[in-house]
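The values are calculated or read from the model by the stated rules, or taken from the named source; none is laboratory data. Because the structure is a prediction, the values reported are computed rather than measured. FYI the Cβ positions are ideal-geometry reconstructions off the backbone, even for glycines, and counts take in every protein chain you see. Side chains included, ligands, DNA and RNA excluded: accessible areas come from the protein's heavy atoms. Shrake-Rupley method; radii C 1.70, N 1.55, O 1.52, S 1.80 Å.
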Amino acid sequence: MSLPTQWRSPPSSPFIKVTLRKTSEILLYEQRSLTAMVNTDEGQAVAEDNERYEYLISAQGRRRPTIEAEAQTPALLHKSREINTERIRSDNVASYVSNFEMFDTYKDLQSTTKSVALNQNKQMKITTYKVKGKDTFIEVNQQPNFRLALMITMRALAGNVFEKQQRRFRNMQMPDPLAAQVHYRYRTELLWRFQLPQALAGDKCVKAVADLSWCPTNGDILAVAYGVYTFRDDNMQADGCVCIWTIKNPVNPERYYTYELPVMVVEFSPYNPELLAVGLSNGTIEVLNITEQEKPAIAKTDRRNLQNCEPIAAIKWITQSETFNDHRNIKPFLALSRNGSVTKYSLINSPHLLASQLVLLDRLEAQPEGLQLEEGYELKQSNRHPQVLNLCLHPTQPDLYYVLTDEGCRHKCSTHYPQQHLSVLQVHEAGANVMDYSPWSPKLYLTCGNDWSINIWLEGIFQPIITLKHHLQPIHCAYWSLTHSTIIVSLCRNSIDVWDIKRSTLRPKSSTSINGEYYTCCRLSLCGRSLAVGNDIGNVLMLAFEDMPFPAHYQYDQLEKTIFTLLASDKAMLDKVKSLGFFGYSEQVRYKPKKRDKTAKKAKANSK
């Protein structure tokens, strides 16, 4: 039996699948361009059509309304000539010049015209004019803004010439350790010269470079002391100066200070790098603030209370003593005079330095420890005080300092024990010039002297462990390299030597002599990859070390291994060195391979 149609359930709705597909584009609106390119076929056809249209319009006597302008403005814009050019105005001026005025004018021009040498073959004449009897160039040059602009301009011009050398000094291009060919020549390359300007050189005598000092916080700044190298009769009336050079301008100094006496020593303060101590040949000491160009020295010694009138041999800044209060802001330094006295100076709230003599050395009456002099050798001197040559501070103990004398002795002194020295060591047979500690050991140091040798010492041993001797002439300076623990740089009268005790102790790896010049002093840059060398004609040569070996990763281990290798033939000295144990800095971490514990290994094997 079938149900009626209205009672039946509606059939289930079928599944509908809708698929969306991309249809063809439908153009809704189009506005074609009414222009055409001139150099195309379409453009030529449009041009012909326009000509025909113009012909038809003109034949009918009508005019086609067209606008030949890029901007549709209601009126044409006109521009007057006065906008582009100024109006030329004329005026009648008359002046009367007498023969006397013309004579004075030309005479002033002759006196103010100077010729400046650009190079060996070219010269340029510079003329300055006077207004109401005053030189306008001098007045402009005294303005601080003009000096600042001139300094920046000279730096920019010098950068165009010395850009490659400046990049080398800044170590922007380091040697590639993966290069296919590497040669160790230990050579030095001349970058530029700091030459004393003729205006500062004077006509009295040639100024020699007496001392050098790098700024401890800015390695681009170098202070140079100009004075005399030898005290001869023709140098009695010599004068001196101090110049502050920067590598940004190797042509002209950016600060200079003139003196009526030769300058012997300059030294930057490591605690206040803007302070510069200057020592003169008459025992006077001044402290300058190089940030203030026009102001005088902030403090100087009082001539009425001066301890001595001998030339200053060395200056070293020391740390502030704990016995003074911090609010007094005392900045002390030690000054060494040629007569054998060490004086402590302090900056206080006064225009004069506070001085106190620490020690006055006397000549030795017996043979001290150290080198044993030959029998019959006696240094005959009329003065009862030795002539001191240099001063060195201990790297870890701030109260200890060492004084080198012309007797070849090293006097150990302390600021806590004035009026006496702690010990004496004979380090050279003649005068000892420089003492320098190794950057990797507070117990290893070298000394160089007038006996033609460089001696390497280790504290606790009263004999030199290594002796370097090559040239038959005094050695003025010798310093440890700041990048290689086994390299030493020394300076003779006419040679710059680079020693590498790892490879040879018989002769230096390289000896450099530039144009046969006579050198006076040298200082390593703060990075240790450049060297400033002064000569006796007032030039400072900036040298760069090239083709040097790559530094070892463990510098102390390499130094210790080299010393043990050199002392292998001297068993007694080798035992003394090994008995001292580790002689590096306490914070240095030595690389030691792990030793295998054989006992534990056997116990582990037995348990198995």
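If the requirement is being farther than 25 Å from GLN165 by Cβ and without any contact (Cβ under 8 Å) to a residue 24 or more places away in the chain, which of these qualifies: LEU580, LEU574, LEU566?
The conditions single out LEU574.
Restricting attention to segment 309-324, does a residue exist that is over 22 Å from HIS416 (Cβ atoms), at pLDDT 85 or above and not in a loop (DSSP other than H, G, I, E, B)?
Of all residues in segment 309-324, those over 22 Å from HIS416 (Cβ atoms) come to 309-313.
Next, from what is left, pick out any that are at pLDDT 85 or above: 310-313.
Among the residues that remain, those that are also not in a loop (DSSP other than H, G, I, E, B) are: 312-313.
Checked segment 309-324: at least one residue is over 22 Å from HIS416 (Cβ atoms), at pLDDT 85 or above and not in a loop (DSSP other than H, G, I, E, B).
Taking the options ILE475, ILE465, ILE456, name whichever one is touching a helix residue (DSSP H, G or I) at 6+ places or on another chain (Cβ under 8 Å), within 30 Å of PRO398 (Cβ to Cβ) and among the β-branched types (Val, Ile, Thr).
ILE465
Which ones in segment 414-429 are touching a residue at least 40 places away in the same chain (Cβ under 8 Å), surrounded by fewer than 23 Cβ atoms within 10 Å (Cβ to Cβ) and of a type in the set (A, V, I, L, M, F, W, C)?
Once the filter is applied, which keeps residues that are touching a residue at least 40 places away in the same chain (Cβ under 8 Å), surrounded by fewer than 23 Cβ atoms within 10 Å (Cβ to Cβ) and of a type in the set (A, V, I, L, M, F, W, C), segment 414-429 yields VAL424, LEU425.
Could you list, in sequence order, the residues of segment 528-547 that are touching a residue at least 60 places away in the same chain (Cβ under 8 Å), in a strand (DSSP E or B) and of a type outside the set (Phe, Trp, Tyr)?
Applying the first criterion (touching a residue at least 60 places away in the same chain (Cβ under 8 Å)) to segment 528-547 yields 529-532, 534-547.
Narrowing further to those that are in a strand (DSSP E or B): 530-532, 534-535, 539-546.
Selection gives SER530, LEU531, ALA532, GLY534, ASN535, ASN539, VAL540, LEU541, MET542, LEU543, ALA544, GLU546.
Evaluate segment 458-477: report whether one residue or more is small (Gly, Ala, Ser), more than 29 Å from LEU574 (Cα to Cα), at pLDDT below 95 and in a loop (DSSP other than H, G, I, E, B).
Within segment 458-477 (the criterion being small (Gly, Ala, Ser), more than 29 Å from LEU574 (Cα to Cα), at pLDDT below 95 and in a loop (DSSP other than H, G, I, E, B)), the answer is no, since none of the residues qualifies.
If you take the residues of segment 227-238 that are open to solvent by 10 Å² or more (accessible area, probe 1.4 Å) and not in a loop (DSSP other than H, G, I, E, B), which of them is modelled with the highest pLDDT?
ASN235
When segment 494-518 is examined, which residues are found to be under 19 Å from VAL540 (Cα atoms) and outside any strand (DSSP E or B)? Reasoning before the result, please.
Narrowing segment 494-518 to residues under 19 Å from VAL540 (Cα atoms): 494-498, 511-518.
Passing the criteria: ASN494, SER495, SER513, ILE514, ASN515, GLY516, GLU517, TYR518.
Given the conditions (1) surrounded by fewer than 22 Cβ atoms within 10 Å (Cβ to Cβ); (2) in contact (Cβ under 8 Å) with a residue 24 or more places away in the chain, report the number of the one that ILE475 does not fulfil.
Tallying (1) surrounded by fewer than 22 Cβ atoms within 10 Å (Cβ to Cβ); (2) in contact (Cβ under 8 Å) with a residue 24 or more places away in the chain, ILE475 fails exactly one: (1).
Among the listed residues LEU567, LEU506, which satisfies the condition of being of a type outside the set (D, E, K, R) and surrounded by fewer than 16 Cβ atoms within 10 Å (Cβ to Cβ)?
Just one listed residue meets the conditions, LEU506.
What do you reckon, is THR258 at pLDDT below 90, of a type in the set (S, T, N, Q) and surrounded by fewer than 18 Cβ atoms within 10 Å (Cβ to Cβ)? Give the steps one after another, and end with the answer.
Working: at pLDDT below 90: no; of a type in the set (S, T, N, Q): yes; surrounded by fewer than 18 Cβ atoms within 10 Å (Cβ to Cβ): yes.
Here the answer is no, as THR258 does not meet what is asked.
Quick one: which residue in VAL266, VAL209, VAL224 is in contact (Cβ under 8 Å) with a residue 40 or more places away in the chain, within 21 Å of ALA355 (Cβ to Cβ), part of a strand (DSSP E or B) and β-branched (Val, Ile, Thr)?
Working: VAL209 fails: within 21 Å of ALA355 (Cβ to Cβ); VAL224 fails: within 21 Å of ALA355 (Cβ to Cβ).
So the residue among VAL266, VAL209, VAL224 that is in contact (Cβ under 8 Å) with a residue 40 or more places away in the chain, within 21 Å of ALA355 (Cβ to Cβ), part of a strand (DSSP E or B) and β-branched (Val, Ile, Thr) is VAL266.
Among residues belonging to segment 212-221 that are under 14 Å from VAL266 (Cβ atoms) and part of a loop (DSSP other than H, G, I, E, B), point out the one that is most open to solvent (accessible area, probe 1.4 Å).
The residue in question is PRO216.
Tell me whether segment 273-285 contains one or more residues that are farther than 23 Å from THR230 by Cα and open to solvent by 20 Å² or more (accessible area, probe 1.4 Å). Reasoning before the result, please.
Taking segment 273-285 first, the residues farther than 23 Å from THR230 by Cα are 273-276.
Checking the rest, the ones that are also open to solvent by 20 Å² or more (accessible area, probe 1.4 Å) come to 273-274.
Looking through segment 273-285, at least one residue is farther than 23 Å from THR230 by Cα and open to solvent by 20 Å² or more (accessible area, probe 1.4 Å).
Hey, can you tell me all the residues within segment 165-185 that are farther than 28 Å from ALA223 by Cβ and of a type outside the set (A, V, I, L, M, F, W, C)?
The answer is PRO175, ASP176, PRO177, GLN181, HIS183, TYR184, ARG185.
For segment 483-498, what are the residues that are open to solvent by 10 Å² or more (accessible area, probe 1.4 Å) and in contact with a Lys or Arg (Cβ under 8 Å, 6 or more places away or on another chain)?
THR483 - this is the single residue of segment 483-498 that is open to solvent by 10 Å² or more (accessible area, probe 1.4 Å) and in contact with a Lys or Arg (Cβ under 8 Å, 6 or more places away or on another chain).
When you look at PRO177, is it exposed (fewer than 12 other Cβ atoms within 10 Å of the Cβ), in contact (Cβ under 8 Å) with a residue 60 or more places away in the chain and touching a Phe, Trp or Tyr at 6+ places or on another chain (Cβ under 7 Å), yes or no? Give the steps one after another, and end with the answer.
Values: exposed (fewer than 12 other Cβ atoms within 10 Å of the Cβ): yes; in contact (Cβ under 8 Å) with a residue 60 or more places away in the chain: yes; touching a Phe, Trp or Tyr at 6+ places or on another chain (Cβ under 7 Å): yes.
Yes; evaluated as a whole, the condition is true for this residue.
Does ARG193 fit the bill of being under 15 Å from the mean Cα position of the chain (by Cα), over 15 Å from THR520 (Cβ atoms) and touching a residue at least 60 places away in the same chain (Cβ under 8 Å)?
no
Select from segment 269-308 the residues that are part of a loop (DSSP other than H, G, I, E, B), touching a residue at least 60 places away in the same chain (Cβ under 8 Å) and under 14 Å from THR343 (Cα atoms) and list them in ascending order.
None - no residue of segment 269-308 is part of a loop (DSSP other than H, G, I, E, B), touching a residue at least 60 places away in the same chain (Cβ under 8 Å) and under 14 Å from THR343 (Cα atoms), so the list stays empty.
Cβ-Cβ distance below 7 Å, separation of 6 or more or different chains: which pairs start in segment 430-447 with a residue that is open to solvent by 10 Å² or more (accessible area, probe 1.4 Å) and end on one that is basic (Lys, Arg)?
MET435/ARG410
Can you pull out every residue in segment 389-427 that is within 17 Å of GLU459 (Cβ to Cβ) and in a loop (DSSP other than H, G, I, E, B)?
Of segment 389-427, the ones within 17 Å of GLU459 (Cβ to Cβ) are 392-404, 409-414, 421-427.
Correct list: HIS394, PRO395, THR396, GLN397, PRO398, ASP399, HIS421, LEU422, VAL427.
Quick check: anything in segment 93-101 in a helix (DSSP H, G or I), open to solvent by less than 100 Å² (accessible area, probe 1.4 Å) and at pLDDT 65 or above?
Yes, some residue in segment 93-101 is in a helix (DSSP H, G or I), open to solvent by less than 100 Å² (accessible area, probe 1.4 Å) and at pLDDT 65 or above.
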